[in-house]
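*Asks:* Mind having a look at this structure? Questions to follow.
The values are calculated or read from the model by the stated rules, or taken from the named source; none is laboratory data. This one's a predicted model, so the numbers in the text were calculated from it and none came from an experiment. Here the Cβ positions follow ideal geometry from the backbone for every residue, glycine too, while neighbour counts run over all protein chains shown.
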């Protein structure tokens, strides 16, 4: 009797397999299959054809090992599994329901394969192993594409939200600024308007951070417009602004009277403001924050140092990751404030956009020091 391989069995029994898959999948909790019969079968049919074709091809030991580790050669175009994930996401499926579909598909094939007339052939074990590897590969592709699309959707939502919040916040800022300058209202109302204005400014910075974050994920990155400017002046302006915002904190600035470089003034001011703000927030406000501007070879170097509890090594490894906030230690003069946890991520992105880098070291004795290194003449300006 001719030995039937699993790949041939799948091709010859496609409809019974799809029906068994559909019947089984309808019993899954949570219910994964809510579309009509024809839509239920479309991608499953495509994936079975791909799996069958894979089973029919010879496979070396090295190829088997690579596939088992998820290192198989990627396709040059979207696979059926990736297209399936996109369709299911657009249909409102959860990732749990997506995985349930593959469980049902695997079960329907193996159940019918085990119930055939000639079980126990010598190739059963190898065929089943390769079938499971092929299903796992398709599942991995589906989940990866599903996760990618979810992230893109989330980032798009954040970008739209940040953009749409700017207009009403701008109205609040203008109105409170007008009230702050009024001379015909009681002083207590001016004080309230001032507090509202400061809160609106903080909200504006958070929204700008949010928009910058989405730019790093949806577009080419944070835009930088570098021009020749005096870096010392930018440092002085930012430090003066931070001293006004934090009158309780001593902020020392050490720098030469002038340091020319080619950089984006607003972006570097944004980085420096973020670093000083973090130093005030997480440091001991009984100790000064030290800001230093110097040169090292052809680079400009800005360091911001604060004293207080050292950053733990496990936190240091993720400090520049988005949505990570180092837990401040309330008490002992340390100020606790809230943030989105993306400021340092954006600061490093800005540094890298300038061809520079942002690094941090922290110890109990020397405190925490963030160091921004920028080429005074970026590669893009060299002839």
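*Asks:* Taking the condition surrounded by 17 or more Cβ atoms within 10 Å (Cβ to Cβ), farther than 30 Å from residue 60 by Cα and in contact (Cβ under 8 Å) with a residue 12 or more places away in the chain, does residue 88 pass?
*Replies:* On the way: surrounded by 17 or more Cβ atoms within 10 Å (Cβ to Cβ): yes; farther than 30 Å from residue 60 by Cα: yes; in contact (Cβ under 8 Å) with a residue 12 or more places away in the chain: yes.
Against the criterion (surrounded by 17 or more Cβ atoms within 10 Å (Cβ to Cβ), farther than 30 Å from residue 60 by Cα and in contact (Cβ under 8 Å) with a residue 12 or more places away in the chain), residue 88 qualifies.
*Asks:* Residue 68 is checked against (1) at pLDDT 70 or above; (2) within 33 Å of the chain's Cα centre (by Cα) and fails just one. What number does that condition carry?
*Replies:* Among (1) at pLDDT 70 or above; (2) within 33 Å of the chain's Cα centre (by Cα), the lone unmet condition for residue 68 is (1).
*Asks:* What is the number of the single condition among (1) out of contact with any helix residue (DSSP H, G or I) (no Cβ under 7 Å at 6 or more places or on another chain); (2) closer than 19 Å to residue 320 by Cα that residue 216 does not meet?
*Replies:* Among (1) out of contact with any helix residue (DSSP H, G or I) (no Cβ under 7 Å at 6 or more places or on another chain); (2) closer than 19 Å to residue 320 by Cα, residue 216 violates only (1).
*Asks:* Does residue 185 satisfy the criteria of being touching a helix residue (DSSP H, G or I) at 6+ places or on another chain (Cβ under 8 Å) and either assigned by TED's automatic domain parsing to the domain that holds residue 99 or closer than 30 Å to residue 94 by Cα (or both)? Spell out how you get there, then give the answer.
*Replies:* Working: touching a helix residue (DSSP H, G or I) at 6+ places or on another chain (Cβ under 8 Å): yes; either assigned by TED's automatic domain parsing to the domain that holds residue 99 or closer than 30 Å to residue 94 by Cα (or both): no.
No: the conditions fail for residue 185.
*Asks:* Among the candidates 139, 206, single out the residue that is surrounded by 13 or more Cβ atoms within 10 Å (Cβ to Cβ), under 27 Å from residue 270 (Cα atoms) and not assigned by TED's automatic domain parsing to the domain that holds residue 271. Before you say what the answer is, go through the steps one by one.
*Replies:* Numbers: 139 fails: under 27 Å from residue 270 (Cα atoms).
So the residue among 139, 206 that is surrounded by 13 or more Cβ atoms within 10 Å (Cβ to Cβ), under 27 Å from residue 270 (Cα atoms) and not assigned by TED's automatic domain parsing to the domain that holds residue 271 is 206.
*Asks:* If only one of 87, 104, 114 is out of contact with any strand residue (DSSP E or B) (no Cβ under 8 Å at 6 or more places or on another chain) and either modelled with pLDDT of 85 or more or closer than 13 Å to residue 5 by Cα (or both), which one is it?
*Replies:* On the way: 87 fails: either modelled with pLDDT of 85 or more or closer than 13 Å to residue 5 by Cα (or both); 104 fails: either modelled with pLDDT of 85 or more or closer than 13 Å to residue 5 by Cα (or both).
Among 87, 104, 114, only 114 is out of contact with any strand residue (DSSP E or B) (no Cβ under 8 Å at 6 or more places or on another chain) and either modelled with pLDDT of 85 or more or closer than 13 Å to residue 5 by Cα (or both).
*Asks:* For residue 106, all conditions in the list (1) assigned by TED's automatic domain parsing to the domain that holds residue 14; (2) over 35 Å from the mean Cα position of the chain (by Cα) hold save one; what is the number of the exception?
*Replies:* Just one mismatch for residue 106, condition (2).
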